[in-house]
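Scroll down for the structure; my scribbles are underneath it.
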Amino acid sequence: MRETDFVSGFARGLRVIEAFGEAQPRLSIADAAKITGLDRATVRRSLLTLSELGYADYDGKFFTLTPRILRLGHAYLSATPLPTIVQPYLDQLSEKAGQSASASVLDGTEIVYVARASQRRVMSINLTPGSRLPAYCASMGRVLLAALPEPEARAILARSELRANTPKTKTDPEELMAELSRVRAQGYAIIDQELELGLCSIAVPLMNARNQVIAALNIGAPAAHVAAAELAERYLLLLKETQAALRPLVQ
């Protein structure tokens, strides 16, 4: 891309939008400047523009995003057929397994949920389409990282904040690369309470007819009900059946 094709003001505005999150739903200008690394004047103009366009509310000190911001994410979800195609299969998978089932894609160092069928809430956070989790410690994330060339996967890990969410979380890059090799060889990933205590999950890649990995599917279960060692025996066949059924349908 030519330098003249890059709209820096638009890019800075997107960085300001991305500063908001579950942990910081209300931001002052100073808060947003600290998170984005942008100067306060730039952040102020971006936030006031979002407010003027109806994408944010401003009470004189703090800004909060409005539901109008969902239009941006909905544009992606409505433009891609993947969520629509996957959802009924996830519903069936969840019903058969008696557990929550999800589909996600990789976006930088994170996975983004594109569809979900929930039997019960197994995590402290409420996961819905559009929710994001770190790829390195999520079962779907590991499946998606394992599908990449090793140098690319290693570069994503290098950009990730490898934080120990629980005492079980793997954070050493070399240990994670070894885990990705195992996932690649066996065709599925299992997470044992690395993302959150009490949660286990198993994931498989979703491939299209050209054998390209385009997403991941998973089943999550409370560790108190299903031990991580039992996940493959209980749910892998169901996941593979769903994987096979979807393969000729996705691009």
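Which is of a type outside the set (Gly, Ala, Ser) and open to solvent by less than 50 Å² (accessible area, probe 1.4 Å), of THR66, THR84, THR49? Outline the logic, then answer.
Working: THR84 fails: open to solvent by less than 50 Å² (accessible area, probe 1.4 Å); THR49 fails: open to solvent by less than 50 Å² (accessible area, probe 1.4 Å).
Going through THR66, THR84, THR49 in turn, just one is of a type outside the set (Gly, Ala, Ser) and open to solvent by less than 50 Å² (accessible area, probe 1.4 Å): THR66.
Please indicate, with yes or no, whether at least one residue in the range 18-29 is touching a helix residue (DSSP H, G or I) at 6+ places or on another chain (Cβ under 7 Å), in a helix (DSSP H, G or I) and either free of Cβ contacts under 8 Å to residues at least 40 places away in the same chain or of a type outside the set (Phe, Trp, Tyr) (or both). Yes - at least one qualifying residue is present in the range 18-29. Residues of the range 97-109 that are open to solvent by 20 Å² or more (accessible area, probe 1.4 Å) and touching an Asp or Glu at 6+ places or on another chain (Cβ under 9 Å): THR109 alone.
Give the residue that is farthest from SER181 (Cα to Cα), with candidates limited to residues of the range 134-159 that are among the charged types (D, E, K, R) and out of contact with any Phe, Trp or Tyr (no Cβ under 8 Å at 6 or more places or on another chain). Write out each step before concluding.
Of the range 134-159, the ones among the charged types (D, E, K, R) are 142, 150, 152, 154, 159.
Keeping just the survivors that are out of contact with any Phe, Trp or Tyr (no Cβ under 8 Å at 6 or more places or on another chain) gives 150, 152, 154, 159.
On the way: GLU150: 9, GLU152: 13, ARG154: 12, ARG159: 19 Å.
That would be ARG159.
The values are calculated or read from the model by the stated rules, or taken from the named source; none is laboratory data. For clarity, every value in this text was computed on a predicted model and none was experimentally measured. Every residue, glycine as well, gets a Cβ built from its backbone with ideal geometry; the counts of neighbours run over all protein chains shown. Each accessible area value is taken on the protein alone, full model and side chains, heavy atoms only, with ligands, DNA and RNA left out. Shrake-Rupley method; radii C 1.70, N 1.55, O 1.52, S 1.80 Å.
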